[in-house]
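Asks: Quick one: structure below, then a few questions.
The values are calculated or read from the model by the stated rules, or taken from the named source; none is laboratory data. Model, not experiment: these values are computed from the prediction. When we count neighbours, we look across all protein chains shown, and the Cβ atoms used for this are built from the backbone with ideal geometry, even at glycine. Note: areas computed on protein heavy atoms with side chains; ligands, DNA, RNA excluded. Shrake-Rupley method; radii C 1.70, N 1.55, O 1.52, S 1.80 Å.
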Amino acid sequence: MGEAMRETGRDRLNAMFAAMRASGRAALLPYLTAAIPTFEASVRLFKAMADAGADGFEVGIPYADPLMDGPVIMRAGRQALDAGVTVPVALDLVARVVEETGKPVLAMTYVNPVLRRGIERFFNEVATTGAVGLIIADLPADEAVPFLEAASATGLGMSLFVAPTTDDARLQAALDLDPAFIYAIAEVGVTGERDDASSNTERMAARIRERSDTPIVFGVGISTPDQAAAAGRHGDGVIVGSAIVRRVIDAGSAAEAESAVASFVGDIAAALA
Amino acid sequence: MRLDRPDERGRFGAYGGMFAPETLMPALIDLEGAFTEAWADPSFHSDLDELLSSYVGRPTPVYHAERISAELGIDLWLKREDLAHTGAHKINNTVAQGLLTTRMGKRRVIAETGAGQHGVATATACALFDLECVVYMGEKDIERQALNVYRMELLGAEVIPVTTGAGTLKDAVSAALRDWVASVASTHYIIGSVVGPHPFPWMVREFQKVIGEELKRQLEVPPHVIVAPVGGGSNAMGIFYPFVGDEGVTLVGVEAAGRGIETGMHGASLGEGSPGVLHGAMTYMLQDEFGQVLEAHSISAGLDYPGVGPEHAYFKDAQLVRYVSVTDDEAVVAFHRLAVTEGITPALESAHGLAWIIREAESLAGQTVVLNLSGRGDKDVQQVAGLDG
Ligand SMILES: Cc1ncc(COP(=O)(O)O)c(C=O)c1O
């Protein structure tokens, strides 16, 4: 006692959402697989995105069997794993991104690496990087309690998911667990680019808002500035993943990736403004 | 102790559960409801029983393999799942799930397949029930089980090659789950073993336990030992479950040791793996120190899987079943031996069970042993011929 309470990751995440609400726009949260094409190039990519107007990041810890991910993010994950991006390397990258961009960073993983490390130890290691929170793609609310406990012990903000298929009872159950935010899955399907804006976001946001003020972040299938703007009208944040990852893995060089990603993120930021 | 059903969280002790993307959760919960209701409905049972007898050909016989018994000095019986329609136990599950799919009002079915037997059995059920059928199959398996690929297509199914990972069963399950995340409103996933998130492991066990129930009726005295190969674990679960906890009956599940446990190239999830989450369930799995799933290796596509059904994980910890493994080479020797002594070519999966019996013949001397002959070997003839050069 007697010490000043340190600001937790969840506090910083809340502060970001509060600031976004005050400014009347949704946070732009680019997703990118950790440490591609290389560790240092990856740090530069995140810096370039921060400079181009990203408000925070979701950093993907590569996983061998990513059930929520479509071909682009799968390919990036495979490339990272083949290049030796283990969980500790990915967490080192998270720490560097926090340090170099000063933005709120969410680490994204699947459940098995967390269990393998031990839930508490994994959350502690994520907290040590300076990340504000954690997204676990294959963890439904039904299995989430021990993870949420570790999140509150370490001050990390953890999300729970709501999908277009989620019924009212499940939605309420997720909210009752008091997640740091709701990751609202905008499309029925795995991650990947879509031709059209999601037709689900307005209705999902309304259903959540009826019950709670918990921040809403839309992700999955948001792949153009217009789509981001459409989702951003109904949520506190939007995650753009495959469209960014594709620009990185298709680029001829790290420099080319940097400029492609920077201009794309700039366009989305402008659309959200 | 054997559990009638998993607990309300879908767990068999510490194993099982529902580690699935939220998008799928409502469908899994609906499926649990639909299955529970159907399984309590006598009309579902009478429809299923009728199909199992007139279409699948159940009960399958128990054959006393006298020649090989004499050679080995044991009393060996074969539970002839190879004689079920389409040539393996997989049809027990697909006919039942097909019936359930119609009952749920879904018109499209997806499935994964390794050896192709589950794919063929699913395509068959879909033809029978007039359902659209898409089967995911790893690239490598498409090569080594070419006969079954053609059979699926003949039956009207679309076979989609899976090129991720090692192009084997794990990748096919993942691809099917990814399809399901997108198609869940219209589509049922007929999973091929006692794996996956709840309620699949429980439901598939209920649909496969007919094997062991028949065996109990068919034998005048219980056997000393029941042996079955374990890939995902459905044929083993089917024959073991009615005997679990019975005094005097030893249950032995045989996993793939591939090129040898010491080479690291095997499929022995129970023997060599550790607890983790694969394909939606907590179970024993092959993984590295950071929790990345490892590739399995087996000559037998149906055993080439880095996980296993969660109820087997529970049985292992509770020491209700003994799990062992045999190598590719031992399985091939057993494949030939059953062909020449009994006139039966077993599936390479089933040959693993026989290989363990051959290896242990001395310690089994004089005992009554039942092998679950989970499938026939037609699909493997070309692969074995290739080895023989
Ligand atoms: C004949 C046969 N036996 C066994 C297996 C292994 O599966 P399970 O362990 O689910 O019975 C397969 C799978 O393809 C098979 O075709």
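Asks: Mind checking whether some residue in region B:45-67 is open to solvent by less than 10 Å² (accessible area, probe 1.4 Å) and touching a strand residue (DSSP E or B) at 6+ places or on another chain (Cβ under 8 Å)?
Replies: yes
Asks: If we keep just the residues of region B:356-382 that are within 16 Å of the ligand (Cβ to nearest atom) and more than 22 Å from B:Lys216 (Cβ to Cβ), which is surrounded by the fewest Cβ atoms within 10 Å (Cβ to Cβ)?
Replies: The qualifying residue surrounded by the fewest Cβ atoms within 10 Å (Cβ to Cβ) is B:Gln382.
Asks: Just for helices (runs of 4 or more DSSP H) wholly inside region B:132-183: which have at least 2 residues that are basic (Lys, Arg) and either open to solvent by less than 10 Å² (accessible area, probe 1.4 Å) or more than 11 Å from chain A (Cβ to nearest Cβ) (or both)?
Replies: Because the criterion is at least 2 residues that are basic (Lys, Arg) and either open to solvent by less than 10 Å² (accessible area, probe 1.4 Å) or more than 11 Å from chain A (Cβ to nearest Cβ) (or both), the helices (runs of 4 or more DSSP H) in region B:132-183 that meet it are B:139-144.
Asks: Can you list the strands (runs of 3 or more DSSP E) lying wholly within region B:231-318 that have 1 or more residues being within 15 Å of the ligand (Cβ to nearest atom), under 22 Å from B:Ile211 (Cβ atoms) and within 13 Å of the chain's Cα centre (by Cα)?
Replies: Counting at least 1 such residues, we get B:250-258.
Asks: Tell me, please, whether a residue that is within 22 Å of B:Ala65 (Cα to Cα), assigned to a helix (DSSP H, G or I) and either modelled with pLDDT under 95 or open to solvent by less than 10 Å² (accessible area, probe 1.4 Å) (or both) can be found in region B:324-331.
Replies: yes
Asks: Among the residues that make up region B:189-206, is at least one of them under 17 Å from the mean Cα position of the chain (by Cα), within 14 Å of another protein chain (Cβ to nearest Cβ) and among the aliphatic types (A, V, I, L, M)?
Replies: Yes: one or more hits.
Asks: Need pairs with beta-carbon distance below 7 Å; first residue closer than 28 Å to B:Gly114 by Cα and free of Cβ contacts under 8 Å to residues at least 60 places away in the same chain and within region B:224-250, second within 16 Å of the ligand (Cβ to nearest atom) and in a loop (DSSP other than H, G, I, E, B); sequence gap 6+ or separate chains.
Replies: B:Pro242/B:Lys209
Asks: Something else: Does B:Val340 satisfy the criteria of being within 16 Å of the ligand (Cβ to nearest atom) and out of contact with any Ser or Thr (no Cβ under 8 Å at 6 or more places or on another chain)?
Replies: Here the answer is no, as B:Val340 does not meet what is asked.
Asks: Among the candidates A:Asp51, A:Asp55, A:Asp82, single out the residue that is open to solvent by 10 Å² or more (accessible area, probe 1.4 Å), in contact with a strand residue (DSSP E or B) (Cβ under 6 Å, 6 or more places away or on another chain) and more than 11 Å from every other protein chain (Cβ to nearest Cβ).
Replies: Checking each option against the conditions leaves just A:Asp55.
Asks: Restricting attention to region B:95-128, which residues are of a type in the set (Val, Ile, Thr), away from the ligand (no atom under 12 Å from the Cβ) and either open to solvent by 10 Å² or more (accessible area, probe 1.4 Å) or assigned to a helix (DSSP H, G or I) (or both)?
Replies: Within region B:95-128, B:Val95, B:Thr101, B:Thr102, B:Thr124 meet the criteria.
Asks: Consider region B:184-229. How many of its residues are within 15 Å of the ligand (Cβ to nearest atom) and outside any helix (DSSP H, G or I)?
Replies: Count: 12.
Asks: Can I ask one more? Go through the residues of region B:142-156 one by one and say whether even a single one is under 17 Å from the mean Cα position of the chain (by Cα) and over 19 Å from B:Phe35 (Cα atoms).
Replies: Yes, because at least one residue in region B:142-156 is under 17 Å from the mean Cα position of the chain (by Cα) and over 19 Å from B:Phe35 (Cα atoms).
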